[in-house]
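> Provided herewith is a single structure, encoded as structure tokens, for subsequent inquiry.
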Amino acid sequence: MNGIQDGHLFSIDLNVLDLEHQNHKIVGSDKVDKTNKVEKAKDTEFSFKEILCSSNVFEMGGKDQPQAPSHFVEIGHDYLISDVLITQNVWENVCGDYLSKKKENASNMPIQRVNWFEVALFCNILSRMANLPSCYEFVQGTIFFDGSKKGYRMPFEIEWENSARANSSYEYSGSDIYSDVANLNTKDNYLNPIKMRKPNDWGIYDMTGNVNEWCNDIFDESSYYKRIKKGGISCFDVNEQHFELNIQNSKSTQMVVRGGSWFNTPSYSKVYTRHHQNALLPSAMVGVRVVRTV
């Protein structure tokens, strides 16, 4: 079983879209949808490349907690992952004025300061644009995730690490020299536009550095030990992944983030390093890329 096999371009003509979405407020945002409509984007088209990652077996984790012990895992499904971080321009094109985060002269910069629930809503809108079923359902303040749906979503950390490693043994995604592939430890320089460093071996950019990336897992420091106890190679089946989160009760819910950011040190940002962020708390150091199951 190999990793990347091919890639194709995801492109949407936004002039033909007139989307409806759930009428609800995202906690942590001061914007409320009062019209039950997503405004059409000002730009007419956006695109990003999707990299096809096939089912794979690889060694996940590292020597120290919370990424220990290292262990072999199997991803039993194929998935597409965006080759770049979601940019502020893409976010604005998808959401219009709703959940607007865009700054002037920053179109090609990664989106940042978005909480986990806002990203879930973004994924749903993007899915509807592509005529795909939504993975997240918002019902009276609770979000339900259904892994059997084929729409856009955040990557599970096992998918994220598989894509970051790209069947290599590099410490960072694409190199052992972090400056080749990552914007790290640059507190004065802040963000970089996407694709300023070279991609990894599967053609994926910025999986190390620039911004950390939201994942679709509730953080559990002992999750790797739980897998080891089962013995053998741990198999991950996305179709079996279902969970729910109540937005109001999520003040202490920690979601996995991966990859490191412009602010972080290289030791913080290796391909196996695990971190977490409060689901409701936006950060200048956290953004997202999207995946979908095929």
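> Taking Cys123, is it surrounded by 20 or more Cβ atoms within 10 Å (Cβ to Cβ), modelled with pLDDT of 90 or more, under 23 Å from Ser54 (Cα atoms) and over 13 Å from the mean Cα position of the chain (by Cα)? If you could, list the steps in order and put the result at the bottom.
Working: surrounded by 20 or more Cβ atoms within 10 Å (Cβ to Cβ): yes; modelled with pLDDT of 90 or more: yes; under 23 Å from Ser54 (Cα atoms): yes; over 13 Å from the mean Cα position of the chain (by Cα): no.
Taking the combined requirement at face value, the residue does not satisfy it.
> Regarding Met207, is this residue surrounded by fewer than 21 Cβ atoms within 10 Å (Cβ to Cβ), part of a loop (DSSP other than H, G, I, E, B) and among the aliphatic types (A, V, I, L, M)?
In short, no.
> Checking the conditions here, which among Glu92, Glu118, Glu50 is modelled with pLDDT of 85 or more, in contact with an Asp or Glu (Cβ under 9 Å, 6 or more places away or on another chain), assigned to a helix (DSSP H, G or I) and surrounded by 15 or more Cβ atoms within 10 Å (Cβ to Cβ)?
Details: Glu118 fails: in contact with an Asp or Glu (Cβ under 9 Å, 6 or more places away or on another chain); Glu50 fails: assigned to a helix (DSSP H, G or I).
Answer to the selection: Glu92.
> On the given criteria, is Asn167 farther than 22 Å from Ile51 by Cβ and either in contact (Cβ under 8 Å) with a residue 12 or more places away in the chain or not polar (S, T, N, Q) (or both)? Spell out how you get there, then give the answer.
Working: farther than 22 Å from Ile51 by Cβ: no; either in contact (Cβ under 8 Å) with a residue 12 or more places away in the chain or not polar (S, T, N, Q) (or both): yes.
In short, no.
> Is it the case that Val257 is β-branched (Val, Ile, Thr), touching a residue at least 40 places away in the same chain (Cβ under 8 Å) and buried (at least 21 other Cβ atoms within 10 Å of the Cβ)? Full working, then the answer.
Details: β-branched (Val, Ile, Thr): yes; touching a residue at least 40 places away in the same chain (Cβ under 8 Å): yes; buried (at least 21 other Cβ atoms within 10 Å of the Cβ): yes.
The answer is yes for Val257.
> So, in segment 261-280, how many residues would count as being part of a loop (DSSP other than H, G, I, E, B) and over 24 Å from Asn56 (Cα atoms)? Walk me through how you get there before you give the answer.
Kept after step one, since they are part of a loop (DSSP other than H, G, I, E, B), are these residues of segment 261-280: 261-265, 269-274, 279-280.
Cutting the leftovers down to over 24 Å from Asn56 (Cα atoms) gives us 261-265, 279-280.
Total meeting the criteria: 7.
> Among the residues of segment 230-249, which ones are part of a loop (DSSP other than H, G, I, E, B) and of a type outside the set (Gly, Ala, Ser)? So that I can check it myself, show each step before the final result.
Start the filter on segment 230-249 by keeping residues that are part of a loop (DSSP other than H, G, I, E, B), which leaves 231-233, 237, 241, 247-249.
Within segment 230-249, Ile233, Asp237, Gln241, Ile247, Gln248, Asn249 qualify.
> Ok, one more. Pairs needed: first member in segment 190-207, touching a residue at least 24 places away in the same chain (Cβ under 8 Å) and under 17 Å from Met285 (Cα atoms); second member anywhere, outside any loop (DSSP other than H, G, I, E, B) and among the β-branched types (Val, Ile, Thr); C-beta distance under 7 Å; at least 6 residues apart or different chains.
Filtered contacts from segment 190-207: Ile194/Thr87.
> Working carefully through the options Ser283, Ser252, find the one that is farther than 18 Å from Phe156 by Cα, in contact with a strand residue (DSSP E or B) (Cβ under 7 Å, 6 or more places away or on another chain), hydroxyl-bearing (Ser, Thr, Tyr) and assigned to a loop (DSSP other than H, G, I, E, B).
On the way: Ser252 fails: in contact with a strand residue (DSSP E or B) (Cβ under 7 Å, 6 or more places away or on another chain).
Matching residue, one of Ser283, Ser252: Ser283.
> Pull up segment 166-186, narrow it to residues that are assigned to a loop (DSSP other than H, G, I, E, B) and not polar (S, T, N, Q), then point me to the one that is surrounded by the most Cβ atoms within 10 Å (Cβ to Cβ).
Our first condition is that a residue be assigned to a loop (DSSP other than H, G, I, E, B); within segment 166-186, this holds for 166-171, 173-174, 176-177, 182-186.
Now drop any that are not not polar (S, T, N, Q), which leaves 166, 170-171, 174, 176-177, 182, 184.
Values: Ala166: 23, Tyr170: 20, Glu171: 18, Gly174: 27, Asp176: 11, Ile177: 12, Ala182: 29, Leu184: 23.
Applying the filter and picking the extreme gives Ala182.
> Return the residues of segment 138-152 that are in contact (Cβ under 8 Å) with a residue 12 or more places away in the chain, hydrophobic (A, V, I, L, M, F, W, C) and either exposed (fewer than 14 other Cβ atoms within 10 Å of the Cβ) or closer than 13 Å to Phe243 by Cβ (or both); say none if nothing qualifies. If you could, list the steps in order and put the result at the bottom.
Start the filter on segment 138-152 by keeping residues that are in contact (Cβ under 8 Å) with a residue 12 or more places away in the chain, which leaves 138, 141-152.
From what's left, hydrophobic (A, V, I, L, M, F, W, C): 138, 143-145.
Within segment 138-152, Ile143, Phe144, Phe145 qualify.
> Residue by residue through segment 260-281, note down the ones that are within 27 Å of Lys150 (Cα to Cα) and surrounded by 18 or more Cβ atoms within 10 Å (Cβ to Cβ).
Residues satisfying the conditions are Val271, Tyr272, Arg274, His275, His276, Gln277, Ala279, Leu280.
> Now a separate question. Only residues that are in contact (Cβ under 8 Å) with a residue 40 or more places away in the chain and of a type in the set (Val, Ile, Thr): list them for segment 208-240, please.
Thr208, Val211, Ile228, Ile233, Val238, listed by residue number.
The values are calculated or read from the model by the stated rules, or taken from the named source; none is laboratory data. Since this is a predicted model, take the numbers as computed values, not measurements. Every residue, glycine as well, gets a Cβ built from its backbone with ideal geometry; the counts of neighbours run over all protein chains shown.
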